[in-house]
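In what follows, a single structure is set out as structure tokens and then discussed.
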Amino acid sequence: MDNLAGPASPGMTAQMETPPLLMDRLRKRADFLRAARGIRRVTAGVTLEVCPTPPPWAKPDQLRLGFTASRKIGMAVDRNRARRRLRAAAALTLPLYALPGNDYVLVARRGTLGRPFEGLLADLEAALKAAHSRLGPAKLGDDS
């Protein structure tokens, strides 16, 4: 029962000071279509589509997130597995690189299933950085 009041390591202090990023799920087809008209970045393991959240639904510390896998991926079992892998990658990557006030859609590709998980994380990180550079400096909070 030692150190219950403070962070377990010095590196955790910076993470605890920033408010947590809230993630809401995209569920309506119109939201997915709006993201498809936004910025698209394609990597071997994932296709990322990004657009600003419409003003009625925008909140300062929240992003909206959706996942999709078409029949090109395979049978239902394969599509569900691809979406699960994308959800796991998003849970690890988006809190570090995503910008609040945007809608993100992760589209599974054929390579999503066979790609090593570390490669999938690297693909998503690269796609996020490329999409954010396209959004411009006005949308970026810092240079990261």
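The values are calculated or read from the model by the stated rules, or taken from the named source; none is laboratory data. Keep in mind that this is a model prediction, so the values were computed, not measured. In this analysis, Cβ positions are derived from the backbone assuming ideal geometry, glycine residues included, and neighbour counts consider all displayed protein chains.
Some values worked out for this structure:
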read-out: Selection status of residue 131, over 18 Å from residue 36 (Cα atoms), in contact (Cβ under 8 Å) with a residue 24 or more places away in the chain and among the small types (Gly, Ala, Ser); value: no
read-out: Criterion violated by residue 71 - all others in (1) in contact with a strand residue (DSSP E or B) (Cβ under 9 Å, 6 or more places away or on another chain); (2) closer than 21 Å to residue 28 by Cα satisfied; value: (1)
read-out: Matching strands (runs of 3 or more DSSP E) fully within the stretch 1-52 where at least 3 residues are modelled with pLDDT under 95; value: 22-25
read-out: Positions within the stretch 77-118 being assigned to a helix (DSSP H, G or I), of a type in the set (Gly, Ala, Ser), surrounded by 15 or more Cβ atoms within 10 Å (Cβ to Cβ) and within 15 Å of the chain's Cα centre (by Cα), in sequence order; value: 82, 89, 90
read-out: Scope the stretch 31-72; condition farther than 23 Å from residue 96 by Cβ, small (Gly, Ala, Ser) and surrounded by fewer than 16 Cβ atoms within 10 Å (Cβ to Cβ); matching residues; value: 36, 70
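Quick grid of which residues meet (1) touching a strand residue (DSSP E or B) at 6+ places or on another chain (Cβ under 7 Å); (2) under 18 Å from residue 92 (Cα atoms); (3) polar (S, T, N, Q):
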position	(1), (2), (3)
41	yes, no, no
45	no, yes, no
53	yes, no, yes
60	no, no, no
63	yes, yes, no
77	no, no, no
